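Only one structure is covered here, and it is reproduced in the block below.
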Amino acid sequence: SQQGEEDPQALSIQEGENATMNCSYKTSINNLQWYRQNSGRGLVHLILIRSNEREKHSGRLRVTLDTSKKSSSLLITASRAADTASYFCATGANDYKLSFGAGTTVTVRA
Amino acid sequence: DGGITQSPKYLFRKEGQNVTLSCEQNLNHDAMYWYRQDPGQGLRLIYYSQIVNDFQKGDIAEGYSVSREKKESFPLTVTSAQKNPTAFYLCASGLEGGKLPQHFGDGTRLSIL
């Protein structure tokens with residue numbers, strides 16, 4: 001079952017601008033992960049934030065997690081054309097499965 | 001280089017035919033997964049395997065079958081019982097399931113002839 005829901009479904013920004021997308025989930029989690037998918041390709045892991053963490057950075061990516069609101073956000077700063085992709089959040093619990101949301105499609109215009 | 005290889009990239013199925021999608025990994029991961037992705041949607045779990053010779057149904061296992069005879073390999077068979085098989089199929093592997101990142105192959109796109 002899909003637990004995560006991303007918002008917005010689609011986002012179009014100018015190169016150099018920041019992109020923010022949100023993920024909400026329903027049940028308790030061990031961690032929340034963000035993945036990127038380029039058109040016609042597999043998913044690439046971007047960042048993992050554990051349930052006891054509130055913020056994490058990796059290069060131009062910043063992820064926040066608010067377990068009281070059951071939500072997370074992914075911020076991509078100074079976007080580039082190569083950031084054009086779909087972004088998915090996935091929640092992990094204490095079993096062997098990840099539950100993926102439907103994704104946010106980001107288009108970065110030159 | 002370590003990674004996951006899915007083949008073929010494109011596959012066509014005739015009515016009443018079973019087809020098998022290949023997934024091989026050299027990452028030495030214990031866990032492997034099959035997901036189905038429909039246009040504009042997220043990933044839905046078909047089957048997963050935590051160790052060799054063991055696998056469990058995911059959320060949409062009907063019409064699919066798997067085997068896990070070797071650590072490196074986790075083939076998926078789409079049977080004729082799967083009435084709507086057209087989709088993008090993704091294989092993944094991981095060390096600790098939901099607690100660590102999963103690594104994905106580049107997918108197989110299956111279409112009906």
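Observations on the structure shown:
- Residue pairs, from the table A:Lys26/B:Lys71; B:Lys57/B:Lys83; B:Lys14/B:Lys70; B:Lys71/B:Lys99; B:Lys57/B:Lys99, whose Cα atoms sit over 24 Å apart: A:Lys26/B:Lys71; B:Lys14/B:Lys70
- Legend: calculated FRET efficiency, A:Arg50 to A:Leu75, from the Cβ-Cβ distance at R0 = 22 Å, rounded to 0.05, equals 0.75.
- Over the C-alpha atoms of the protein assembly as shown, the Rg to Rh ratio, Rh being the Kirkwood estimate, stands at 0.97.
- Taking all protein chains together, A:Arg36, B:Arg13 sort by accessible area into A:Arg36, B:Arg13, largest first [probe 1.4 Å].
- Label-point separation in nm, B:Thr79 to B:Lys57, each point 7 Å along Cα→Cβ: 1.1 nm
- In Å, descending, principal axis extents of the Cα set of chain B: 36, 25, 23
- Euclidean distance between Cα centres, segment A:34-110 to segment B:1-38, Å: 24 Å
- With every protein chain in place and a 1.4 angstrom probe, the accessible-area ranking of B:His103, A:His45, largest first, reads B:His103, A:His45.
- For segment A:5-109, the Kirkwood hydrodynamic radius from C-alpha pairs, put into Stokes-Einstein at 37 °C and a viscosity of 0.692 mPa s, yields a diffusion coefficient of 240 µm² per second.
The values are calculated or read from the model by the stated rules, or taken from the named source; none is laboratory data. What you see is a predicted model, and the numbers here were worked out from it, not measured in a lab. Note that each Cβ is placed from the backbone with ideal geometry, even for glycine, and that neighbours are counted across all protein chains shown. Heavy atoms of the whole protein, side chains included, go into the accessibility calculation; ligands, DNA and RNA do not. Shrake-Rupley method; radii C 1.70, N 1.55, O 1.52, S 1.80 Å.
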